Amino acid sequence: KGLEYSRQSMITSQTHYTNFVQYTMNMDNPGQVEIGVYNSNINGNIETVPFYRWRAGPVRVSERSMDFFIESQQRGFFTVQLPFGIGYTRDGRLKLDVQNRIVTMSGEYPVLGQNGEIFVPDGDLTVSKSGVIFVDQDEIDKFFISVIKDRDKLVTLNGSFFYYDGGSPELLKGEEYYAIRQGFLEESNVLKGLNGDIMM
């Protein structure tokens with residue numbers, strides 16, 4: 001029995017270490033969320049249970065017109081089209097692809113608006129606090145911002161892109177729950193990297 005607990009403990013230790021490595025590698029990614037793990041003894045078996053640390057990352061001025069920060073007490077996400085379904089991200093680094101669609105800089109996933117994928121004509125792009133997209137003062141679309149009530153049910157792909165496992169998340173609807181800031185980015189919320197845990 002002692003050997004079995006030692007074996008389980010080695011597995012949980014490896015899970016903790018893998019998490020440290022994963023979020024240390026992505027510390028410089030805007031919108032990155034630190035993922036913690038706690039150990040639980042379930043019916044005599046040691047299991048690891050992951051959880052998200054939903055604290056705010058520092059916000060910085062980028063002066064880039066396609067960078068955006070969602071002010072929403074860390075509940076607001078850009079809604080994106082992943083290859084297998086709907087996804088969510090707080091990584092506000094966006095760009096235009098060859099079709100003039102708004103896509104994420106990382107992965108080039110289409111960002112969704114109220115009318116689906118957002119196609120932008122040539123011109124000067126500005127976005128209001130409510131997420132309305134204007135080109136040369138003509139309204140094009142509005143970002144579909146998902147303000148998710150129960151974020152802990154999200155499943156992460158890499159710490160900055162998420163999807164909801166089973167059905168759709170419950171959303172807080174209304175412009176009072178978020179504000180878009182153009183030309184700003186929310187940095188990673190990782191407070192400790194792998195170096196801080198080597199001694200432990």
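Return, ordered by residue number, the residues of segment 44-78 whose backbone nitrogen is under 17 Å from a label point located 7 Å along Cα→Cβ of residue 37.
Zone members listed by number: 45-53.
Among rounded, prolate and oblate, which fits segment 86-200 when a ≥ b ≥ c are the square roots of the eigenvalues of its C-alpha gyration tensor, a/c under 1.5 means rounded, and a/b larger than b/c means prolate? Don't jump to the answer; show the numbers that get you there.
On the way: a/c = 1.97, a/b = 1.58, b/c = 1.25.
Judged from the Cα gyration tensor, segment 86-200 comes out prolate (a/c at least 1.5, a/b above b/c).
Can you give the extra length, in nm with one decimal, that the chain gains between residue 53 and residue 136 once fully stretched, where that is 0.36 nm per residue apart less the Cα-Cα distance?
Details: separation 83, 0.36 × 83 = 29.88 nm, distance 3.94 nm.
Once the chain is fully extended between residue 53 and residue 136, it gains 25.9 nm.
Counting helices only, and only those DSSP H runs with n ≥ 4, report the 222 nm mean residue ellipticity of the chain as the sum of -39,500 (n - 2.57) divided by its residues, in deg cm²/dmol to the nearest 500. Can you show the working numbers first?
Working: 1 runs with 24 residues, N = 200.
Result for the chain: -4000 deg cm²/dmol, rounded to the nearest 500.
Just to be sure I follow the definition: excluding the sites themselves, where is the longest run in the chain that has none of the chymotrypsin sites (Phe, Trp or Tyr not before Pro) in a DSSP loop with at most 15 other Cβ atoms within 10 Å?
Values: sites that count: 54, 84.
Maximal segment without exposed cleavage sites: 85-200.
Taking only C-alpha pairs under 8 Å that are 6+ residues apart, what is the relative contact order of the chain in percent?
Details: 412 pairs, mean separation 58.0, N = 200.
29 percent.
Within the set 142/173; 95/149; 129/173; 129/149; 153/173, which residue pairs have Cα atoms separated by over 25 Å? The partial results should precede the final answer.
Numbers: 142/173 14 Å; 95/149 28 Å; 129/173 15 Å; 129/149 21 Å; 153/173 18 Å.
Beyond 25 Å: 95/149.
Hey, rough spin-label estimate for residue 96 and residue 176, points 7 angstrom out along Cα→Cβ, what's it come to in nanometres?
Each label point lies 7 Å from its Cα, and together they span 3.7 nm.
Take the solvent-accessible surface of the protein heavy atoms, probe 1.4 Å, and return the percent of it on segment 86-193 that carbon and sulfur atoms account for. Let's see the in-between values first.
Values: 2410 of 5330 Å².
With neighbouring chains kept in place, the figure for segment 86-193 is 45 percent.
Along the Cα→Cβ direction, 7 angstrom out, place labels at residue 9 and residue 117. What is the inter-label distance in nm?
5.3
Which value, in Å², gives the accessible area per residue of the chain when a 1.4 Å probe is used on the protein heavy atoms?
On the way: 10940 Å² over 200 residues.
Value for the chain: 55 Å² per residue.
If I build a Gaussian network model for the chain, linking alpha-carbon pairs within less than 10 angstrom, which residue out of 59, 80, 147 has the largest mean-square fluctuation?
59
Mind checking the angle between helix 2-25 and the chain's longest principal axis? C-alpha axes, 0 to 90 degrees, to the nearest 10.
20
With only Lys, Arg, Asp and Glu charged, each at its Cβ (+1 for the first two, -1 for the last two), find how big the charge dipole of segment 42-108 is about the Cα centre; round to the nearest 20 debye. Spell out each step's value before the answer.
Numbers: 9 positive and 7 negative charges, 32 e Å.
Dipole of segment 42-108, to the nearest 20 debye: 160 debye.
Can you give me the C-alpha center-to-center distance between segment 79-143 and segment 20-44, rounded to a whole angstrom?
29
The values are calculated or read from the model by the stated rules, or taken from the named source; none is laboratory data. Worth saying up front: this structure is predicted, and the values here are computed from it rather than measured. Don't worry about glycine lacking a Cβ; one is built from the backbone with ideal geometry, like all the others, and counts go over all protein chains shown. All accessible areas refer to the heavy atoms of the entire protein, side chains included, with ligands and DNA or RNA removed. Shrake-Rupley method; radii C 1.70, N 1.55, O 1.52, S 1.80 Å.
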